[in-house]
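Notes to accompany the following structure.
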Amino acid sequence: MPEAVSLASVQDAEARLRSVGYLPSTEIATSVYLADRLEKPVLVEGPAGVGKTELARAFGQATGRTLIRLQCYEGLDESKALYEWEYAKQLLYTQLLKDKIAETIAGASTLREAADRIAGSEDLFFSERFLLPRPILAALRSEKPALLLIDEIDKADPEFEAFLLEVLADFAVTVPEIGTVKALTTPRVVLTSNAARELSDALKRRCLHLYIDFPTPQRELEIVRGRVPGVSEALARKVVAAVQAIRKLDLKKPPSIAETLDWIRALVLLEAATLDGQLVSETLSTLLKYEADIGKAREHLGYIAGAELPAGVV
Ligand SMILES: Nc1ncnc2c1ncn2[C@@H]1O[C@H](COP(=O)(O)OP(=O)(O)OP(=O)(O)O)[C@@H](O)[C@H]1O
Ligand SMILES: [Mg+2]
C-alpha cells in the first residue's frame with residue numbers, strides 16, 4: 001500500500017510546502033507539522049483569498065496524500081457527505097435479474113410469501129456493490145493515504161457539524177446495512193471557514209486552530225514571485241507595496257492574495273513597468289470588488305501609486 005510522507009519537523013513542513021508552490025509563514029508550517037504528527041484536524045480560518053483552500057491542497061501534495069474535497073453548503077447532509085445507495089444501479093440490476101427474480105418467487109402461494117423470498121436477497125442490493133461513497137467515506141476507504149478537505153464548514157448547518165464531530169473523533173462511520181468502516185490509514189483533515197457563522201466549541205476543541213491573516217510584505221512578495229514567474233522585480237515590489245497600502249484604507253473588502261495576483265497579472269498583460277496614479281485607477285477593478293471601495297481608493301491614488309516596501313523586504 002502506498003505510504004504518506006510523515007513530516008519530520010517544522011522546517012521540513014516549510015520546505016515541503018514551498019516545494020509544491022505554497023509559501024507558509026512559520027505559524028502555518030507549525031500548524032501543518034502538528035496536524036500531521038498529532039493526527040488532528042486543523043481548522044483554518046481567515047478572510048477570503050488568503051490561501052486556506054490552497055493550504056489544504058499543498059499539505060496533501062507535500063505529504064503524498066490524495067486530496068478529497070467536501071465543499072460545504074447550506075442543506076448539505078449525510079447522504080451527500082458520507083454515502084448514498086446507488087438507486088439507478090439497483091434498479092438496473094433488478095431489470096437485468098428479472099428472470100432470476102421470477103424464478104425466486106415462482107410457486108409462492110401468497111404475496112407475503114413472495115415478498116419474504118425476495119427479502120432473503122435484500123442484502124445483495126444493500127452491499128458494497130451499490131454503495132456510492134461520498135467524500136468522507138471515500139477518505140476513510142482510500143487505499144492511498146488521504147487528505148480530507150472540508151471546505152467552508154461555516155456554510156453547512158450546525159446539525160452537520162455535530163455529525164462531523166463523530167466522524168472526526170474516531171475516523172470511523174457506521175453504515176447500518178454493512179457495518180462500521182474504519183479508516184485504512186488515518187486521513188489528515190483540513191477544515192476551512194470564512195467565519196460566516198460561529199462554529200461550535202465542540203468542533204473547535206477537536207481541532208488545531210490556525211488563523212491566516214493577510215500576508216506580511218515579505219511573504220506576499222515571495223508569493224507573487226512564485227505565482228507570476230517572469231514578473232519584473234520592480235513591478236512586483238510596487239504592486240505589493242500598493243496592495244499593503246490599500247489594505248490600510250478602511251474598505252468593505254480589503255484585497256487578498258488572490259486579488260493581488262489578479263492585479264499583477266493584469267498589469268503584466270498591459271506591459272506595465274511601474275505604477276502611476278492613472279494606471280492604478282484604470283485597473284482597480286481587478287483588485288477591489290465593491291464600487292464604494294474603488295471610489296475610496298480613487299481618493300488616494302497618489303498614496304497608493306507612491307507606496308514603497310519597507311527597507312529590509314528583499
Ligand atoms: N501562501 C501561499 N503561497 C502561494 N500561493 C498562495 C498562498 N496563499 C494564497 N495563494 C494564492 O492565492 C489564491 C487564493 O487562495 P485560496 O483560494 O486558497 O484562498 P481561500 O482562503 O481559500 O479563499 P476563500 O475563503 O475565498 O475560499 C490561490 O490561488 C493561491 O494561488
Ligand atoms: Mg477557499
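Exceeding 29 Å between C-alpha atoms, which entries from my cross-link table qualify? They are Lys89/Lys144; Lys204/Lys289; Lys52/Lys80; Lys52/Lys248.
Going by Cα-Cα distance, Lys204/Lys289 fall outside the 29 Å limit.
Got a sec? How would Phe126, Phe59 order by Cβ neighbour count within 10 Å, fewest to most?
With the sparsest Cβ surroundings first, the list reads Phe126, Phe59.
Please give every one of the aspartates and glutamates within straight-line cross-link reach of Lys155, meaning a C-alpha to C-alpha distance under 16 Å, and leave out same-chain neighbours fewer than 8 residues apart.
Filter leaves Glu45, Glu74, Asp77, Glu78, Glu198.
Could you state the number of Å between the C-alpha centres of segment 87-114 and segment 238-301?
What the calculation gives is 67 Å, centre to centre.
Picking from Pro217, Pro176, Pro133, which is most flexible by a Gaussian network model of the chain using Cα springs under 10 Å?
Comparing Pro217, Pro176, Pro133 in a Gaussian network model of the chain, the most mobile one is Pro176.
Lys144 label point, 7 Å along Cα→Cβ, cut-off 14 Å on backbone N: hits in segment 67-94?
What the label zone holds, given the 14 Å backbone N cut-off, is 67-69.
Where in segment 23-62 is the amide nitrogen less than 13 Å from a point lying 7 Å along the Cα-to-Cβ axis of Gln218?
Residues passing the 13 Å test: 24-27.
What net charge is computed for the residues neighbouring Leu92, neighbours being all others with C-beta under 13 Å from the C-beta of Leu92, Lys and Arg scored +1, Asp and Glu -1? Before the final figure, lay out the partial values.
Working: positive: Lys89, Lys98, Arg129; negative: Glu86.
Net charge in that neighbourhood comes out at +2.
Please list 73-83, 22-32 highest first by mean number of surrounding beta-carbon atoms within 10 Å per residue.
In descending order of packing, they fall as 22-32, 73-83.
Between the helical axis of 52-62 and the dominant principal axis of the chain, each derived from Cα atoms, what acute angle in degrees is found, rounded to the nearest 10?
Taking the Cα atoms of the chain, the angle to 52-62 is about 70 degrees.
Divide, for segment 14-132, the radius of gyration over alpha carbons by 2.2 N^0.38 Å, where N is the residue count.
In units of the 2.2 N^0.38 Å rule of thumb, it is 1.81.
Taking the Cβ of each residue in Glu271, Glu128 as the centre, tally the other Cβ atoms inside 10 Å and list the residues starting with the fewest.
The fewest-first ordering by Cβ neighbours comes to Glu271, Glu128.
Mind checking the log10 I(q)/I(0) for segment 83-130 at q = 0.15, 0.18, 0.28 Å⁻¹? Debye, one equal scatterer per Cα, no solvent, two decimals.
Values returned for q = 0.15, 0.18, 0.28 Å⁻¹ are -0.43, -0.59, -1.07.
Kirkwood-based Rg over Rh for the chain (C-alpha set), two decimals? Write out the running numbers ahead of the final one.
Values: Rg = 26.0 Å, Rh = 22.8 Å.
So for the chain, dividing Rg by the Kirkwood Rh gives 1.14.
Where does segment 217-305 land on Rg(C-alpha)/(2.2 N^0.38 Å)?
Against the compact-globule rule of thumb, the ratio is 0.97.
Readers should treat all values here as calculations from the given coordinates under stated rules, not as data from a laboratory. Everything numeric here is computed off the predicted structure, so don't read it as measured data. FYI the Cβ positions are ideal-geometry reconstructions off the backbone, even for glycines, and counts take in every protein chain you see.
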